[in-house]
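Read through the structure below, which is laid out as structure tokens, and then see the notes.
The values are calculated or read from the model by the stated rules, or taken from the named source; none is laboratory data. What you see is a predicted model; the values in this text were computed from it and never measured. Note that we place each Cβ from the backbone using ideal geometry, even for glycine, and neighbour counts take in every protein chain shown.
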Protein chains: 4
Amino acid sequence: MQLAFVGLGAMGSAIAHNLLASGHALHVFNRHAAKAEPLRAAGATVATSPAEAARAADVVFTMVADDAALKAVTFGEQGIAAGLRPDAVHVCMSTIGVAAARELARQHASAGQHYVSAPVFGRPDAAAARKLHVMAAGADADLQKILPLLREVGQSANAVGPDPWQANLVKLIGNMLLVSMVETLGEACAMAEKTGVSPAKVVELLTGTLFTAPPYQAYGAAIAAKRFQPAGFALPLAQKDIRLMLAAGEEAGVALPIASLVRDRFLAARAAGADANHDLAALALVALSEAGLKDR
Amino acid sequence: MQLAFVGLGAMGSAIAHNLLASGHALHVFNRHAAKAEPLRAAGATVATSPAEAARAADVVFTMVADDAALKAVTFGEQGIAAGLRPDAVHVCMSTIGVAAARELARQHASAGQHYVSAPVFGRPDAAAARKLHVMAAGADADLQKILPLLREVGQSANAVGPDPWQANLVKLIGNMLLVSMVETLGEACAMAEKTGVSPAKVVELLTGTLFTAPPYQAYGAAIAAKRFQPAGFALPLAQKDIRLMLAAGEEAGVALPIASLVRDRFLAARAAGADANHDLAALALVALSEAGLKDR
Amino acid sequence: MQLAFVGLGAMGSAIAHNLLASGHALHVFNRHAAKAEPLRAAGATVATSPAEAARAADVVFTMVADDAALKAVTFGEQGIAAGLRPDAVHVCMSTIGVAAARELARQHASAGQHYVSAPVFGRPDAAAARKLHVMAAGADADLQKILPLLREVGQSANAVGPDPWQANLVKLIGNMLLVSMVETLGEACAMAEKTGVSPAKVVELLTGTLFTAPPYQAYGAAIAAKRFQPAGFALPLAQKDIRLMLAAGEEAGVALPIASLVRDRFLAARAAGADANHDLAALALVALSEAGLKDR
Amino acid sequence: MQLAFVGLGAMGSAIAHNLLASGHALHVFNRHAAKAEPLRAAGATVATSPAEAARAADVVFTMVADDAALKAVTFGEQGIAAGLRPDAVHVCMSTIGVAAARELARQHASAGQHYVSAPVFGRPDAAAARKLHVMAAGADADLQKILPLLREVGQSANAVGPDPWQANLVKLIGNMLLVSMVETLGEACAMAEKTGVSPAKVVELLTGTLFTAPPYQAYGAAIAAKRFQPAGFALPLAQKDIRLMLAAGEEAGVALPIASLVRDRFLAARAAGADANHDLAALALVALSEAGLKDR
């Protein structure tokens, strides 16, 4: 199959390499052209615009930073929409807002084009190892076409429902669960440390028995060790997702006190110096600081 | 070994039966004597007071409802302390507060007696199936003596540290993680339902991939199905544990915003009718109600 | 002086009538023309577009519902900017966001036009009685020109600073103080009622002694009496202001836990049925409901 | 009238001096005897125990630090209850918990003694200036007897109701309103400072117009100036009152999200170094710190 991939950051590159390695013909585009070179070396064709990449493809994947970037590569001049073939599908893997996904689907539909939202769970290392979990939503025929492709790049790819935004909602809900867990682990470790119990021991005891989900173990260990860099899931990206979740809640009329609480913790973490080089685990800086504990 | 067991509610009875089935001689006591009869039928000796049960035993287990009940059976007239042999160990399996555990240890120590805190994770059905996770803390020699016994009644029994209250802290932290998870799942399901996405589907997708810890699956499924009864982990008991955690945080000088948030959600759930017949999952009633959703 | 007034809702009409009664020539415009008729009857000239109203005026006031409406009447086709004379000043009295105010000032400046933000505190009845408090920010020369006019329609008009958005920030901060007070009064009245003490008595005792600011008295009495209609300050408008405050905090990197908390309470109040016919006092519905109290 | 006064800290001494100056015979007692000397010099009789002070009096006032101190001076050995005459009234002016007040009333009643709760609003300087606001609750006959006395030491003294704890509830509610205001002012000033607007100017504009209650002005000015010492209303005492309010809410089954939020802010302020030498205004340290602002 002819594929296109637009947006070659850490996540996008990893997925694109895997698609190429699986034997697909791949046309790639990235705003900063240099990032496309390793893929060219591996056999991909480098396009000069999203439209050009799209023209050649049965399926066009996008993995860009945010709503604004997605709109630019899709509906900007020489964007994907300008090149997308009537039978092709645009698959957006970025974590975007529910309203943005709805708008994207609407615009593609009004142009007679196919659109699927397929956000992923997993850090770049998981992407490289084909360990992503993908949530896909869109028209059934489109899902039948792309789910096999998504299963090549992830350990699971599931159909969420017929409306693309539904996959984005599930992704945002998942990240709300994740951030809630991280905040709670931060408070737990602050409590342990201040009372003189080893946070690492507490985390080990709890994640070794009851709280066995991988993110408990990964974030618990990182927070207990105060290992806030390098960024696996960069803190500002997680902050963005909570912002999108709150916006979705606002639109739907659903109060989300947990998301509101962590929204403020993110702001405090940022003000304390946590930036794009810091992992989501650095959210714990706030709990530690409020307990009067040094962060190192 | 000669064992005693004081407090034969759902949890205590299940553990006591397992100890008996493992071949230990068992002396039991319960305030309401009727609850001791099934154990008598199974071969246990029924004592007329905690002191009498203790007098016969190398290890005395207690599993009672709260701090007040524990004080009564331990230091009340004809309490455990009045019968405990100098070489015996009192093992408290109840979820009690950090301050109460410290006070209990202090009083036993001043009487030259041995005390270990060994709270457990798991519902009565897990206790019956020897699937509990036990956290034990106390003097090393005491732990060496009782950990093998605890492993007979649980799937794991871990040493936390030399001070009994440390095990209670780990238990409270664990329950804070649990309640935080349940609250977040409640908000997630409210969001899904109000936007027209199946909460059961969202829970299945998330707990089948990333959030695989058993409590995510159990509470997620219950909340999605609005199955709030019968009580596995009764809501008022979970509420009590958050109260104890907040008290521990207050004593230690650690702010616990997540615990504070759920504290209020428990009060709102209680005011909405959730009582001892409701499971912790019923905490989600508040998120559903705030979203304007009917609870059934 | 020749004045123009665009936006003739309850607030705008009241202010416009007062300007007219003070002897100024007044050109008015409202999207729904019928609302301009009482002013025409009182002597105002009704324009067919914001541009036409602006062309005639030394000062153009706007009082519209939100950021979107303001952009439309200002920079839309036949908007104010298309008619504003180089020496005239656009005075925006609406409660708009900090970013929107900054953008509005930027656009007017790039067109060589004068812009002042002058949001007001007070309900329509206060506007009618010339009891508003006005906060104005902008270039000093512009403020010198308009402050006397603003003092004609309010009991106070103060200069905040040289940048228009500063007045909007002060307005948003004021409304955050107000909403925080209302939420706290709601919790206070829930507590009083549930313990069997008269909320009206508690409010009377506290606002008669220590908490003597007029909003304490007005909102306290309304909440104690569960008098949530008619809308003085309509609940959805107050909700909008908290949303704008949170956006300003997000942009500035300032955590605002109080604003976050009430954000969720607004959503819950809306889901419980509070709409544009309800006063901000109806925020107390949430505290009452969470305490298990009927709202009537 | 013969009066007794037990508890001669800053508040108690100021009130006692005023009672003496009003011409009453006064018997005083303080645990640390030195604090009684200025009153002896002014004409008071210094007793050697609360019981001795009580024996001489028609009305016995107490103003001590907390629930524990109150129990000690009242029901301890040689406590007030041991000396209180059958027709005399014990008037407790301390801010104590609702449950403690109920228990105190119960014990006095069971001894056939009269008890009134009469907590006060105001700092020591207000006490000295007879500017306190007093809330009194108890049997009507007792209130008739003591309200005139209370009016001698305050600018207002109001009857709350027939049950003493009701006055304590009103006091706690009042302090919840106060602390909520202070927290919100802290966030407001953080927002102003970080965006480059003068917090002092913002406070002046808002408290000069709409938020005119004296505490807005006093705390607003202190926070804007980052003047956190000396302690007028010491931060740990305000923290204690929020703790008592939360306990009352817990007992009554009323969620109090505002109180829960500030509970955590107090803990964070304490961990950041705010102690008994700091004023309640120092709560703003947390909002400033979370915004990345230096506190000086």
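Name the pairs: first residue in the range D:83-106 and more than 19 Å from C:Val197 (Cβ to Cβ), second residue of a type in the set (Gly, Ala, Ser) and in a loop (DSSP other than H, G, I, E, B), Cβ to Cβ under 7 Å, at least 6 apart or on different chains? That search, which allows pairs on different chains as well, returns D:Pro86/D:Gly112; D:Ala88/D:Ala57; D:Val91/D:Ala118; D:Met93/D:Ala118.
Contact map, the range D:109-120: first residue among the small types (Gly, Ala, Ser), second residue surrounded by fewer than 21 Cβ atoms within 10 Å (Cβ to Cβ) and assigned to a loop (DSSP other than H, G, I, E, B), Cβ cut-off under 7 Å, separation 6 or more or different chains; pairs are D:Gly112/D:Pro86. Say whether the condition of being surrounded by fewer than 24 Cβ atoms within 10 Å (Cβ to Cβ), outside any loop (DSSP other than H, G, I, E, B) and not basic (Lys, Arg) is met by at least one residue in the range D:86-95. No - not one qualifying residue is present in the range D:86-95. Checking D:Arg263 against (1) more than 14 Å from chain A (Cβ to nearest Cβ); (2) part of a helix (DSSP H, G or I); (3) of a type outside the set (Asp, Glu): exactly one of these is not met. Which one? Only one criterion in (1) more than 14 Å from chain A (Cβ to nearest Cβ); (2) part of a helix (DSSP H, G or I); (3) of a type outside the set (Asp, Glu) is unmet by D:Arg263, namely (1).
On the stretch given as the range B:119-132, residues that are within 13 Å of chain A (Cβ to nearest Cβ), at pLDDT 95 or above and assigned to a loop (DSSP other than H, G, I, E, B) total 2. Each residue in the range D:1-58 was checked for being more than 27 Å from D:Leu143 (Cβ to Cβ), modelled with pLDDT under 95 and surrounded by 17 or more Cβ atoms within 10 Å (Cβ to Cβ), and 0 pass. Every condition in (1) part of a helix (DSSP H, G or I); (2) at the interface with another protein chain (Cβ under 7 Å from one of its Cβ atoms) is met by B:Ser156 except one, and the failing one is (1). Look through the range B:185-213, keep the residues that are at the interface with chain A (Cβ under 7 Å from one of its Cβ atoms) and farther than 18 Å from B:Leu288 by Cα, and return whichever of them is surrounded by the fewest Cβ atoms within 10 Å (Cβ to Cβ). That would be B:Thr212. Please work out if B:Arg270 is part of a helix (DSSP H, G or I), within 14 Å of chain C (Cβ to nearest Cβ) and over 27 Å from A:Val197 (Cβ atoms). It is true that B:Arg270 is part of a helix (DSSP H, G or I), within 14 Å of chain C (Cβ to nearest Cβ) and over 27 Å from A:Val197 (Cβ atoms). Assess whether D:Lys201 counts as being of a type outside the set (Asp, Glu), modelled with pLDDT of 95 or more, more than 21 Å from C:Thr207 (Cα to Cα) and in a loop (DSSP other than H, G, I, E, B). So D:Lys201 does not fit the description; no. Scanning the range B:144-153 finds one or more residues that are touching a strand residue (DSSP E or B) at 6+ places or on another chain (Cβ under 8 Å), buried (at least 21 other Cβ atoms within 10 Å of the Cβ), in a helix (DSSP H, G or I) and β-branched (Val, Ile, Thr). Within the option set B:Leu39, B:Leu84, B:Leu70, B:Leu26, being in contact with a Leu (Cβ under 6 Å, 6 or more places away or on another chain) and not charged (D, E, K, R) holds for one residue only, B:Leu26. Note on the range D:167-185: residues that are over 15 Å from the mean Cα position of the chain (by Cα) and in contact (Cβ under 8 Å) with a residue 40 or more places away in the chain amount to 4.
Taking (1) outside any loop (DSSP other than H, G, I, E, B); (2) more than 10 Å from every other protein chain (Cβ to nearest Cβ) in turn, C:Gln229 satisfies each apart from (1). Looking only at residues of the range A:264-294 that are among the acidic types (Asp, Glu) and in contact (Cβ under 8 Å) with a residue 24 or more places away in the chain, we find that the one that is nearest to B:Glu251 (Cα to Cα) is A:Glu290.
So in the range A:233-243, with the set limited to residues that are more than 9 Å from chain C (Cβ to nearest Cβ) and within 24 Å of D:Pro257 (Cα to Cα), which one is surrounded by the most Cβ atoms within 10 Å (Cβ to Cβ)? This residue is A:Ile242. Checked against the criterion of being closer than 27 Å to A:Gln144 by Cβ and part of a loop (DSSP other than H, G, I, E, B), the candidates A:Val28, A:Val64, A:Val73 yield just one match: A:Val64. Among the residues of the range A:162-184, those identified as small (Gly, Ala, Ser) and at the interface with chain B (Cβ under 9 Å from one of its Cβ atoms) are A:Gly174, A:Ser180. Residue selection: B:Ala139 satisfies the criterion of being over 12 Å from B:Met93 (Cβ atoms), modelled with pLDDT of 95 or more and more than 12 Å from chain A (Cβ to nearest Cβ). In the set B:Gln78, B:Gln107, only one residue is touching a helix residue (DSSP H, G or I) at 6+ places or on another chain (Cβ under 7 Å), in a helix (DSSP H, G or I), at pLDDT 95 or above and surrounded by fewer than 18 Cβ atoms within 10 Å (Cβ to Cβ); that residue is B:Gln107. Once the range C:214-226 is narrowed to residues that are surrounded by 21 or more Cβ atoms within 10 Å (Cβ to Cβ) and within 11 Å of chain D (Cβ to nearest Cβ), the residue that is farthest from D:Ser260 (Cα to Cα) is C:Pro215. When the range B:57-105 is filtered for residues that are under 21 Å from B:Lys35 (Cβ atoms) and among the small types (Gly, Ala, Ser), the ones remaining, listed by number, are B:Ala57, B:Ala65, B:Ala68, B:Ala69, B:Ala72, B:Gly76, B:Gly79, B:Gly83, B:Ser94. Of all residues in the range B:273-293, exactly one satisfies the criterion of being surrounded by fewer than 24 Cβ atoms within 10 Å (Cβ to Cβ), under 14 Å from B:Leu235 (Cβ atoms) and at the interface with chain C (Cβ under 10 Å from one of its Cβ atoms), namely B:Gly273. Against the definition (assigned to a strand (DSSP E or B) and either without any contact (Cβ under 8 Å) to a residue 12 or more places away in the chain or not acidic (Asp, Glu) (or both)), how does B:Met135 come out, yes or no? Yes: the conditions hold for B:Met135.
Inspection of the range B:105-114 finds no residue satisfying the criterion of being closer than 23 Å to B:Ser13 by Cβ, of a type outside the set (Phe, Trp, Tyr) and out of contact with any His (no Cβ under 6 Å at 6 or more places or on another chain).
Apart from one condition, D:Val64 fits all of (1) surrounded by fewer than 23 Cβ atoms within 10 Å (Cβ to Cβ); (2) more than 16 Å from D:Val89 (Cα to Cα); (3) in contact (Cβ under 8 Å) with a residue 12 or more places away in the chain; the exception is (1).
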